[in-house]
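The values are calculated or read from the model by the stated rules, or taken from the named source; none is laboratory data. Since this is a predicted model, take the numbers as computed values, not measurements. Every residue, glycine among them, receives a Cβ derived from its backbone with ideal geometry; neighbour counts consider all protein chains shown.
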Amino acid sequence: MTRKHSVYLKFMGVVGLLTLNLMHLTFNIERNDYVKQSKEFNSKFDGDKLLSTSYKNVDVTRKIKTKTNYPVTTYANYLINNRNLCRKYEKISALVMVHTSIENFWRRKEMRRTWLNSSHYSPRNLKVIFLVGTTDNKKVQENLKNESNLYHDIIQGDFVDSYRNLTNKGVMGYRWITENCMNAEIIVKIDDDSFINFFKFFEDFSFLKKRNRYMFCNKIDKDTMPIIRQKSSKWYVSEIFYKGRNVYPHTYCSGFVVFISTDLIPALFQAACTAPFFWVDDFYLFGLLPSRLKNVEHINFRGNLTFMHPDGLKCYQQLKGKCKYLVMPARDKEIDVMWKAVIADRQQSVYGNYYMKKSGP
């Protein structure tokens with residue numbers, strides 16, 4: 001190798017090192033600028049964006065760990081996921097998804113023992129999932145994991161379990177069913193202080209399983225329900241949501257109990273991926289999302305509903321199977337009392353199930 005060639009190689013080596021150092025320096029500067037801009041953006045960002053804003057150019061798959069324009073449960077991981085709950089069955093007569101607070105361990109146990117116990121309705125096959133968020137209490141989280149290991153019906157999402165995160169909880173339910181339980185004949189969303197007489201449902205309302213694109217619920221017509229603007233109210237809605245409006249602009253359901261045709265669930269979940277987050281879950285899940293779809297029907301069951309536990313209990317104690325109520329409230333100790341009233345005039349087989357008064361499809 002000539003001296004001239006050796007000097008040239010050394011020169012190129014130095015140039016190469018300088019180039020690499022320059023590239024590294026440039027990358028660090030750009031990264032620091034990006035972090036700085038991100039922090040400035042997050043400090044100024046207000047999650048309460050106008051729902052009328054156009055979001056066509058927004059990447060809805062982005063992961064924002066603090067505030068977000070879209071429900072975080074459209075993409076966030078499950079912390080507890082009993083994904084095989086429905087998969088070993090060819091058909092499920094009804095899947096009940098329960099909005100529940102993590103701490104309500106005893107209430108969930110009573111619900112499983114009584115009216116959500118599938119063996120009571122054999123040969124119908126009833127399944128249930130309890131939807132929860134996260135807690136900072138390590139003991140409560142440990143107890144939740146133990147509950148899941150015992151019953152295999154807990155679905156936990158990566159969001160704080162709070163009243164204003166119920167929209168995230170509901171969207172998680174839509175997503176989970178889309179991924180894991182499309183063999184259910186009907187979906188029933190409930191709060192954990194509700195009670196459904198599934199004997200009456202299978203006997204008198206099973207025709208719903210043959211229909212498509214509907215919600216069977218306590219229907220609230222559009223332009224009739226006031227938007228609460230008083231800041232002292234639990235249901236306060238900021239003026240930057242539906243600015244200039246005093247009433248909700250879409251028909252929706254009271255979320256206490258909602259029967260939903262299974263075919264509608266994937267479409268509702270897909271709509272949630274582009275529908276800006278709104279914390280009032282009843283309106284978002286059963287009004288805003290359906291409004292983005294075609295031919296969704298809200299069917300009213302107000303005549304078969306009472307929000308008063310004493311009224312529902314009295315009806316079944318006096319009229320028994322002739323009581324008109326399909327849905328009523330019951331929590332904690334009320335659950336067992338209501339259950340005993342519902343089954344008082346029903347004959348139970350040696351296998352544990354109660355005979356239906358007439359066969360449904």
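What the table below lists for this structure:
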item: Checklist (1) part of a loop (DSSP other than H, G, I, E, B); (2) touching a residue at least 24 places away in the same chain (Cβ under 8 Å); (3) farther than 25 Å from Met225 by Cα applied to Val350, failing item; result: (2)
item: Close pairs from region 234-249: first under 18 Å from Leu166 (Cβ atoms), partner among the basic types (Lys, Arg) and surrounded by 16 or more Cβ atoms within 10 Å (Cβ to Cβ), Cβ under 9 Å, at least 6 apart; result: Phe241/Lys49
item: Hey, Lys145 closer than 29 Å to Phe307 by Cα, at pLDDT 95 or above, among the charged types (D, E, K, R) and touching a strand residue (DSSP E or B) at 6+ places or on another chain (Cβ under 9 Å) or not; result: no
item: Top-ranked residue of region 295-322 - restricted to ones that are free of Cβ contacts under 8 Å to residues at least 24 places away in the same chain and part of a loop (DSSP other than H, G, I, E, B), ranked as surrounded by the most Cβ atoms within 10 Å (Cβ to Cβ); result: Thr306
item: Yes/no for Leu126 being crowded, with 20+ Cβ neighbours inside 10 Å and out of contact with any Ser or Thr (no Cβ under 7 Å at 6 or more places or on another chain); result: no
item: Cβ-Cβ under 7 Å pairs, at least 6 apart or on other chains, region 173-190 side acidic (Asp, Glu), far side modelled with pLDDT under 95; result: Glu185/Lys209
item: Subset of region 246-270 [surrounded by fewer than 20 Cβ atoms within 10 Å (Cβ to Cβ) and either among the polar types (S, T, N, Q) or closer than 12 Å to Phe283 by Cβ (or both)]; result: Asn246, Val247, Pro249, His250, Ser254, Gln270
